[in-house]
1. In degrees, nearest 10, range 0 to 90: what is the angle between the Cα axis of helix B:171-195 and the longest Cα principal axis of chain B?
2. To the nearest 500 deg cm²/dmol, what mean residue ellipticity at 222 nm is calculated for the protein assembly as shown from DSSP H runs of n ≥ 4 alone, each contributing -39,500 (n - 2.57), summed and divided by the residues?
3. Quick one: 3J(HN,Hα) in Hz for segment B:49-58, Karplus 6.51/-1.76/1.60 with θ = phi - 60°, rounded, Gly and Pro as x.
4. What is the average number of partner chain Cβ atoms found within 10 Å of a Cβ in A:98-111?
5. Taking R0 as 41 Å, what FRET efficiency do you get between B:VAL328 and B:ALA133 from their Cβ-Cβ distance, rounded to the nearest 0.05?
6. In whole Å, what three semi-axes, largest first, describe the equivalent ellipsoid of segment B:82-354 built from its Cα gyration tensor (square root of 5 times each eigenvalue)?
7. GNM on chain A, C-alpha springs below 10 Å: top fluctuator among A:PRO192, A:PRO42, A:PRO128?
8. Give the cross-link partners of A:LYS243 among the aspartates and glutamates, using a straight C-alpha distance below 15 Å as the criterion and excluding same-chain residues fewer than 8 apart.
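FYI, it's all coordinate maths here, none of it is from the lab. All values derive from a computational prediction rather than experimental measurement. Counting neighbours? That spans all protein chains shown, and the Cβs are built from the backbone with ideal geometry, glycine included.
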Amino acid sequence: MNAPYDLTAAVARAPAEAAAAEAPLLELRAATVRVPGREFGPFDLRLAAGERVAILGPSGAGKSTLLKLMAGERSAAAGSVWLAGAALNGQPLARMARRRAVLPQAHAVAFGMAVELIVGLGRYAIEPDAQRTRIVAEALATAHAAHLVGRRFDTLSGGEQARVQLARVMAQLWDVQGALLLVDEPLAALDPGLQIELLEAITDYAARRGHALVAIVHDINQALAGFDRLWLVQDGRLAGDLKPGRAALPRLAELFGVELQWVGDAQHFAVAVRRRSTAGAA
Amino acid sequence: MAAHAEVAGAAVARAVPAVSTAVPGAWWVGLGLGAALLLALLAAAMSGAVAVQWSDWAALAQAERSGGALVLWELRLPRALFAAAVGAALGLAGALAQGLFRNPLADPGLLGVTAGAVCAVALVLTFFATVAAGLPPAWRPWVLPLAAFGGALAVCFVLDGVARWLMPGSIAGLLLTGLALNALAGAVVGLSVYVADDEQLRSLTFWTLGSLAGASWPVVGLLGLALAIGLWQGARLAKALNALALGESAAAHVGVDVQRLRTRLIVSVALLAALAVAWSGLIGFIGLMAPHLVRGVVGADHRAVLPLSALAGALLLLLADTVARTVVIPAELPVGIVTALIGAPVFMLLLRRMALRQGGHA
């Protein structure tokens, strides 16, 4: 928690400005999601290719539901979701698979499949796929998983499984530009060194292709250091759309009900998290 | 969205591993299983109460057949091929069901699919016997297979519904549902037994024990057709089944139409399980053992597991039936007893393995 993050310097973010001028990559227009007994939204959001967004919010606020709405996994009960200029509802699944990929939170894979088989599944919708073998190999290398080739997935540690799943998602959007990469807090359970390594691999991969990256993030330091925008989700609604930086701290403190303290300067910083002082307890 | 194949090529400084996406060794295993199956067919045809000579094989081609050739053609060959076809159908149905429910313990027998088929057949044999007898003679051979298919299909849809609101990949709820369905089917069969007359009782008993004595060339042909359809579906669905192992959401994210896949799998499993059961009664554990053995040798890729499970199932049931036919000559054991004697311990071993792996998924 205390070490300052320095991701921004390592990542080239060239395509972001160019793409922002065109139609948004992803657009939510008053989209709502209904589950029995609860309604989320309406969400109004626009996202350009190449942007990096961290979704933050307390447990149960609706972060995963928002991500599922953007993934097309849940359809909007009202309003609409648009991906690359086309309504998400009713798009062929194979077409969608070339425009957005999702890195899930849970990693369980049935039957002890081989690592390279799982990574190859990222290319499921591409037929014929002459480049498959090369892309699988390069995605494995990019996700720091080259050494896991030939292993069975169910014999891997949690961190190794996360790398393999990341490689699968990378293989899916390997040879397209300006797609959408959705990430459901896959790093939360990993050790800090691996978290930094994989987050760096993801942002670097996305930046090279102009992919937009939307990730549910629990670590405030990660969110501030690695992303361009912060979406705050609270009680099933979007409570804020902020630039990361010192100015975002009061809103974040309010969101999580904690006290935050900024340490360092604009480039090298860390945010210390403390329990809220008695005044806030209600 | 243009393809930019070389976007990242130059950027990968790390060593790129050598990757093969083919299934290693699966062809050799397939050849080995095929050869073993041929040998087992030969052995099954040669063994039994009546001795058959090598010269009788040559007599098959002649117009005037020897007694041994008649035994071969009328009894042994259809019986052996029938055993192989039923075993293949059960093995393939097991592999498909395990892929569908994402669990190696999902066996059509344990889940109550075959019990559903038997239950429907028992109802037709007793309560609707007069209705069936009133049908045109040409339709009658189809009544039992159709009833079995209907019963199996109904159970499959119930199981699929249950699996959807249970924890994904959780086998406990599925097996408990299978237990309940098996008990329900048992009650219906019991009721049928209660009202059955002597002749009906005999067919019912034969059904619940499982026997391959009902072999005949038309039945073998029909089963072969169903098997061909099943294998063709399996070949088409193997890639999607691999993706389904990632979980339903992840499969949909890479482009699999999960609902369609599930429906196709359910119909295939029901068709194979029901036809396997329709003329042979309850034969358990082949659908559990065959895919398990295959995965242990070639890994979990469904492109290899599906066809090899059919081969392994054929081999297992043919061997079991040959044992059932020959241990107590001139009588024969119901083959369901033999498969249960071998299969039940295998099932317990599998359970223990899964418990050791703790997660309950793999």
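1. The angle comes out at about 20 degrees.
2. One gets -17000 deg cm²/dmol as the mean residue ellipticity at 222 nm.
3. With coefficients 6.51, -1.76 and 1.60, one gets 5, 9, 6, 10, 9, 4, 5, 5, 5, 5 Hz.
4. Across A:98-111, the average partner-chain Cβ count within 10 Å equals 6.
5. 0.75
6. One finds semi-axes of 29, 21, 18 Å for segment B:82-354.
7. A:PRO128
8. Candidates past the 8-residue exclusion: A:GLU51, A:ASP228.
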